[in-house]
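Peer 1: I'd like to ask you about the structure that follows.
The values are calculated or read from the model by the stated rules, or taken from the named source; none is laboratory data. Computed from a predicted model, the values in this text were never measured in an experiment. Here the Cβ is made from the backbone with ideal geometry for all residues, glycine too, and neighbour counts use every protein chain on show. Each accessible area value is taken on the protein alone, full model and side chains, heavy atoms only, with ligands, DNA and RNA left out. Shrake-Rupley method; radii C 1.70, N 1.55, O 1.52, S 1.80 Å.
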Amino acid sequence: MSIVLTPHYEDASRRGWQYRLHLDAPLLFALIAVSALGLIVLYSAGGGDIELVERQLVRLGIAFTGMLVVAQLPPRLLQRLTPWIFVIGILLLLAVLISGEASGGAQRWLNLYFVRFQPSEMMKLAVPMMVAWYLANTRLPPTGRQLLASATLIAVPTLMIAKQPDLGTSLLIASSGIFVVFLAGLQWRLLAFFSVLATAAAPLLWHFMRDYQRQRVMTLLHPESDPLGSGYHIIQSKIAIGSGGLFGKGWMNGTQSQLDFLPERSTDFIFAVLGEEFGFFGILLLFTFYAIIVVRGIMISIQAQDTYTRLLAGSLSMTFCVYFIVNTGMVTGLLPVVGLPLPMISYGGTSIVTLMAGFGILMSIQTHRKLLPT
Amino acid sequence: MNRAILLLVSGCLLLCILFARLVYLQVVAHEHFTTLSEDNRVKLQPIPPNRGLIYDRNGLILAENLPSYRLEITPEQIDDMGTTLSALEDIIEIRDIDRTRFEKLRRRKPRFEAIPLRFHLNDEEVARFSVNRHRFPGVDITAGLARHYPQGPLAVHALGYVGRIDEKALKTLDSSNYRGTSHVGKNGIEKTYEELLHGKVGFQQVEITAQGRIIRVLNRTPPVSGHNLYLTLDSRVQAVAEQAFGDYSGTAIAIDPNNGDVLAFVSLPTYDPNPFVNGIDYDDYAALRNNDKEPLFNRALRGQYPPGSTVKPFMGLAGLESGVSSSHSSTYCPGFYRLAGKDRKYHDWKRSGHGTVDLNIAITQSCDVYFYDLAQSLGIDRIHDYLQHFGFGKATGIDIQGELSGLLPSKDWKRSHRDLPWFPGETIITGIGQGFFLVTPIQLATATAALANGGRMLQPQIVHADQEAESDELVPHQPQLHETITIKEQQHWDQVIAAMTDVVHSARGTARHIGKDSPYRIAGKTGTAQVFGLKEEEKYDAEAIAEKLRDHALFIAFAPLDEPKIAVAVIVENGGGGGSVAAPIARKILDAYLVEAPS
């Protein structure tokens, strides 16, 4: 076998530093841009609390470092570790269900004495990794038996997390698994069949929902029926975004945000602060950065050299897409309030670390490609 | 590969939906949401106006707004409420009622809002707290305005008082104008003139947070203070009158017959209105309520008494003007009167009789038999028709709410109200102001004023002018003339007044004691009203009868005779004799106004 110089090789040599550091420039640029925008909005959402921003900055530092570390791990290693990560994740989830700490009416936290830890966050990565690992070891497109096995791998952690209850995260995890299966070549007629099944199961889902979850769905449909109770969040965030108009009221000048009318404004509803203070164009800017991230992720998936990395990269990118669409859909009153933060922007630690680890994987996949065409 | 693109495309589709939503929210419905956001942010906050002040006719202040210090606690700034309260208790008195109210408010209000614990701190308490202030973060003294009545119990039944707005009052008030107002007139002038006194609420637009904390004031419409009121009352005369009663309960009204100005408005016993302003103690209130002498009862306005012999001048005039009697016609008084063909004797107060009496003697010596006979000749309906011109049986219309109308009986009245025919004997006793006949003190004084001014029935008024805040101009309240009583012959009128003058100034007049040393001439008439009826042969023995059942003593008068400036009606409850008890009180009132008047 002779070594043939490929376009990839030339490409790689031109962007040498990216390969040496295992970083992806477009992704890195977009992530830094989103984070910066997020800190600016957070400063305002916190009412000018610089300490809040500093704490978030520390988290971002940790998260970026985490990303950098993960990016150094070759995808081969990740693939080998995948089953172990998944099994450990499942065990931790079990531990949470048995002895987890309740916080805000839900058991999500596991106290490991040195750090409080949410195993569901770990599963955000572990589930798509596991499904990709499983399907990469089989012949594609998957057969019925393999689909059933994949479905089990997805359903078990999803249900365990839904039971905590954390509807938002379980939704993300389920969709990340489903994306892998879809990318692996799920047959169209099967997809159609499952879609019909899912639609039919919706009333059943209603049956299994908790009262507060049902309330959220009802609130979405009729927020004005209880303006001071469950509808308050949605009404106030719609007012915030709507009154922002095209150009917004200006940084630190949002009356909805600064005068406390907007609840949860530095966490789940921070998108409304952006909408109020920076208007439609501010949102457009954020969505541009988000789009760069998703498109770049999909490109990495397309350029990936083996099945595992292709499936995983595609799934991680699309899950991120679902992530911010669900949050913004919920804040603008299109979706029920499920309790998902706005990725990279909302105040809070664990989800950023997980997200950035995911981007680390994407970068690793992109920068560990072989110089030879496969 | 194409599947990844497919996913990307579907992601874009979702994003498009999201953008459509944003365009709707931020472009299409932008103005709607801007309005909502403004509504959220800006609150209209009321600024209560200052209540108008009340002065007497000489400019003495009767109701004012004093800075009042209250102790407030902001729960947000308190670590341990229990410790703070008990530490406060050592330096400032905190009653249970204060504590209860505080706890109630604390549950209702946001934590950052200051909640009053004590009202009306005195200077000493303010000083004691100020020294200890550093020990109590979150506890503050704030100054506000509180209604205060510097004259205390003086003329309280005319003045009334303000109290906290309760739910009942809330229903009748214009709620938008009373936003921010805590007190409202509960009775007396404070209630009657509530609208003028209150003023117009002001507003400030403030930017607030979702919790209601004020960030800044955007603009301000100042309130318009209430009008000041100038009363016709003369505090000096009022005070003299109230003291003249001594320990007696009773009522007195003094009116200027030239314009209906009420100079004195006495109802005794009286009470201090100040404790009512911020809620009187339950025990104190119970003590007032259960007091046998009923200090809370407004006798001047709502007391209804038999006029007794004070009605005789009016009866005499009725006889003369209707042609039933003349000044020469006389009646023989054997000490009793008997209806033709009936056995029942109607006794004169003087059992031995007055002998032959004409109108002058009948009034001067208060002969009952003369008026029994006159009443009999007139008949009840003619009595009713004539006396009603003097305002008996209907409210005078004085500008204090709650007046009762008294009762001037007639055949019609008895049929419609009692469903009974009129009995001749009832006419007889009506002639001396007994039976069904009831008058209020304000009616009696108004009628006396009409006697004094030649028949002009003026509506008594207690507020003679009001004044807009920050204005020097007084807006006078014009006297109201109800009617002018037709005088058929001036001579009749003169004869009755001459007889009334003899009551005070002749040797046998029933009120001769007050006339002896009087520097001016007085026309008057004594009266004694039976509290309970005597049987035909019983003799009234004041000593033997419990004080509560003793007769009421009455006296009406006006002076000076030639140019009357004041007319009074005095009723001393259970006082006994009109000449001995009521007349001296009237004399003191007249003196206070006519002799001791300041230059």
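Peer 1: Pull up the cross-link candidates among the aspartates and glutamates for B:Lys411, meaning alpha carbon to alpha carbon under 20 Å and not fewer than 8 places away within one chain.
Peer 2: B:Asp373, B:Asp381, B:Asp385, B:Asp419, B:Glu426
Peer 1: Now for a separate question. Identify which of A:Met344, A:Met252, A:Met218 has the largest mean-square fluctuation in a Gaussian network model of chain A, with springs joining Cα atoms closer than 10 Å.
Peer 2: So, out of A:Met344, A:Met252, A:Met218, the one fluctuating most is A:Met218.
Peer 1: Place the peptides B:174-182, A:27-35 in order of packing, highest mean first, counting for every residue the other Cβ atoms within 10 Å and averaging per peptide. Don't skip to the answer; put the middle values down first.
Peer 2: Working: B:174-182: 13.8, A:27-35: 19.7.
Descending mean neighbour count gives A:27-35, B:174-182.
Peer 1: Inside 10 Å of the C-beta atoms of A:318-325, what's the mean count of C-beta atoms belonging to other chains?
Peer 2: Details: counts 5, 0, 1, 7, 2, 0, 2, 5.
Rounded to a whole number, the mean comes out at 3.
Peer 1: Let me ask you something else. For B:Val162, what residues show an amide H to amide H distance below 5 Å, using hydrogens built from the backbone and excluding near sequence neighbours?
Peer 2: For B:Val162, the qualifying residues are B:Lys186.
Peer 1: Suppose every K and R has +1 on its Cβ and every D and E has -1 on its Cβ; what is the size of the dipole of chain B about the Cα centre, in Debye to the nearest 20?
Peer 2: The calculation lands at about 1380 debye.
Peer 1: Still on this structure: Find the all-direction average of the projected area of the Cα convex hull for region B:342-432, expressing the result in square nanometres with one decimal place.
Peer 2: Details: hull surface 31.9 nm².
In nm², the orientation-averaged hull projection of region B:342-432 is 8.0.
Peer 1: Sticking to Cα atoms, compute the Rg of region A:23-366 to one decimal and its Dmax as the biggest Cα-Cα distance, whole number, in Å.
Peer 2: 20.0, 58
Peer 1: Just to make sure I understand: if all protein chains stay in place, what is the order of B:Tyr149, B:Tyr248 by accessible area at 1.4 Å, largest first?
Peer 2: Numbers: B:Tyr149 5, B:Tyr248 80 Å².
Correct descending sequence by accessible area is B:Tyr248, B:Tyr149.
Peer 1: Estimate for me the total accessible surface buried between chains A and B (protein heavy atoms, probe 1.4 Å, no ligands or nucleic acids), in Å² to the nearest 100.
Peer 2: Summing both chains' loss of accessible area gives about 3200 Å².
Peer 1: Normalised by the residues of chain A, what does the relative contact order come to in percent, with Cα pairs under 8 Å and at least six apart? Please list the in-between numbers first.
Peer 2: On the way: 552 pairs, mean separation 105.8, N = 374.
About 28 percent, as a whole number.
Peer 1: What ranking of B:Ser330, A:Ser317 comes out by heavy-atom accessible area, probe 1.4 Å, highest first?
Peer 2: Working: B:Ser330 70, A:Ser317 5 Å².
Most to least solvent-accessible, the answer reads B:Ser330, A:Ser317.
Peer 1: For chain B, what does -39500 (n - 2.57) per DSSP helix run (n ≥ 4), summed and divided by total residues, give at 222 nm, in deg cm²/dmol to the nearest 500?
Peer 2: Details: 22 runs with 199 residues, N = 599.
-9500 deg cm²/dmol, from helical runs alone.
Peer 1: Go ahead and run the numbers for FRET between B:Glu167 and A:Ile98, Cβ-Cβ distance against an R0 of 51 Å, rounding to 0.05. Mind showing how you got there, number by number?
Peer 2: On the way: r = 56 Å, r/R0 = 1.09.
Calculated value: 0.35.
Peer 1: Extending each Cα 7 Å along its Cβ direction at B:Asn50 and A:Ala201, get the distance between those two points in nm, one decimal.
Peer 2: In this crude spin-label approximation the distance works out to 7.5 nm.
Peer 1: Running a GNM on chain A with Cα contacts under 10 Å, which residue among A:Leu97, A:Leu311, A:Leu205 ends up with the highest mean-square fluctuation?
Peer 2: Judging by the Gaussian network model, the answer is A:Leu205.
Peer 1: At a probe radius of 1.4 Å, what is the per-residue accessible area of A:Val181, in Å² to the nearest 10?
Peer 2: For A:Val181, the solvent-accessible surface is approximately 10 Å².
Peer 1: Tell me the label-point distance for the pair B:Thr100, A:Thr152, using the 7 Å Cα-to-Cβ offset, in nm and rounded to one decimal.
Peer 2: 7.1 nm
Peer 1: Additional query: Can you give the charge dipole size of the protein assembly as shown about its Cα centre, rounded to the nearest 20 debye, using +1 on the beta carbon of Lys and Arg and -1 on the beta carbon of Asp and Glu? Intermediate values should be presented prior to the final figure.
Peer 2: Working: 87 positive and 91 negative charges, 1064 e Å.
Using Cβ point charges on Lys, Arg, Asp and Glu, the protein assembly as shown gives about 5100 debye.
Peer 1: Regarding the protein assembly as shown, what is the average projected area of its C-alpha convex hull, in nm²?
Peer 2: Details: hull surface 233.3 nm².
Answer in nm², one decimal: 58.3.
Peer 1: Give me the lysines in straight-line cross-link reach of B:Lys186: C-alpha distance below 23 Å, same-chain residues under 8 apart excluded.
Peer 2: Qualifying lysines at Cα under 23 Å: B:Lys168, B:Lys171, B:Lys200, B:Lys293.
Peer 1: Taking 8 Å as the Cα distance limit and 6 or more residues as the minimum spacing, I'd like the relative contact order of chain B as a percentage. Don't skip to the end; give the middle numbers.
Peer 2: Details: 1243 pairs, mean separation 83.7, N = 599.
Rounded, it is 14 percent for chain B.
Peer 1: Just list whichever of B:Lys191/B:Lys565; B:Lys109/B:Lys191; A:Lys249/B:Lys43; B:Lys191/B:Lys394 have alpha carbons separated by over 27 Å in the model shown.
Peer 2: Values: B:Lys191/B:Lys565 29 Å; B:Lys109/B:Lys191 30 Å; A:Lys249/B:Lys43 20 Å; B:Lys191/B:Lys394 22 Å.
The answer is B:Lys191/B:Lys565; B:Lys109/B:Lys191.
Peer 1: While we're on this one: In chain B, which whole DSSP H runs stretch at least 24 Å along their own axis (Cα) and average 0.0 or higher on the Kyte-Doolittle scale? Don't skip to the answer; put the middle values down first.
Peer 2: Values: long enough: B:2-23 (31 Å, 2.07).
Once both thresholds are applied, what remains is B:2-23.
Peer 1: With r defined as the distance between the Cβ atoms of A:Phe193 and A:Leu73 and R0 fixed at 45 Å, what FRET efficiency is calculated, to the nearest 0.05? Provide the component values of the computation, followed by the final result.
Peer 2: Working: r = 38 Å, r/R0 = 0.84.
The value I calculate is 0.75.
Peer 1: For labels at B:Thr484 and A:Glu51 in the simple 7 Å Cα→Cβ model, what's the distance in nm?
Peer 2: A separation of 8.7 nm, rounded to one decimal place.
Peer 1: With Rg and the Kirkwood Rh both taken from Cα atoms, where does Rg over Rh land for region A:125-211? Write out the running numbers ahead of the final one.
Peer 2: Working: Rg = 13.4 Å, Rh = 13.6 Å.
For region A:125-211, the value is 0.98.
Peer 1: Report B:Asp502's accessible area, 1.4 Å probe, all protein chains in place, as a number in Å² to the nearest 10.
Peer 2: It works out to around 50 Å².
Peer 1: Follow-up. Can you tell me the length gained on complete extension of the stretch B:Arg108 to B:Ser10, counting 0.36 nm per residue apart and subtracting the Cα distance? Show your work: numbers first, answer last.
Peer 2: Numbers: separation 98, 0.36 × 98 = 35.28 nm, distance 5.18 nm.
Here the answer is 30.1 nm.
Peer 1: Any lysines with Cα under 20 Å of the B:Lys488 Cα? List them, leaving off those in the same chain fewer than 8 positions away.
Peer 2: B:Lys312
Peer 1: Within 10 Å of each Cβ of B:14-23, how many other protein chain Cβ atoms are there on average?
Peer 2: Working: counts 7, 8, 0, 4, 8, 4, 1, 7, 11, 2.
Taking all residues of B:14-23 together, the mean is 5.
Peer 1: Picking from A:Pro142, A:Val338, A:Asn327, whose Cα lies most toward the positive end of the charge dipole for region A:23-366 (charges on Cβ: Lys, Arg +1; Asp, Glu -1)?
Peer 2: A:Pro142
Peer 1: Which one, A:Asp268, A:Asp211, A:Asp306, has the greatest fluctuation when you compute a Gaussian network model over chain A with C-alpha springs under 10 angstrom?
Peer 2: In this elastic network of chain A, the residue with the biggest mean-square fluctuation among A:Asp268, A:Asp211, A:Asp306 is A:Asp211.
Peer 1: Hey, what's chain A come to in accessible area per residue, 1.4 Å probe, Å²?
Peer 2: On the way: 16400 Å² over 374 residues.
Accessible area per residue, chain A: 44 Å².
Peer 1: Quick check: with the 1.4 Å probe, what order do B:Glu124, B:Glu403, B:Glu321 take by accessible area, largest first?
Peer 2: Working: B:Glu124 120, B:Glu403 35, B:Glu321 15 Å².
If we order B:Glu124, B:Glu403, B:Glu321 from most to least accessible, we get B:Glu124, B:Glu403, B:Glu321.
Peer 1: Give me a single rounded figure for A:303-316: the average over its residues of other chain Cβ atoms within 10 Å of their Cβ. Display every interim value, and only then the final one.
Peer 2: Values: counts 1, 1, 0, 0, 0, 0, 0, 3, 1, 0, 1, 5, 2, 0.
Taking all residues of A:303-316 together, the mean is 1.
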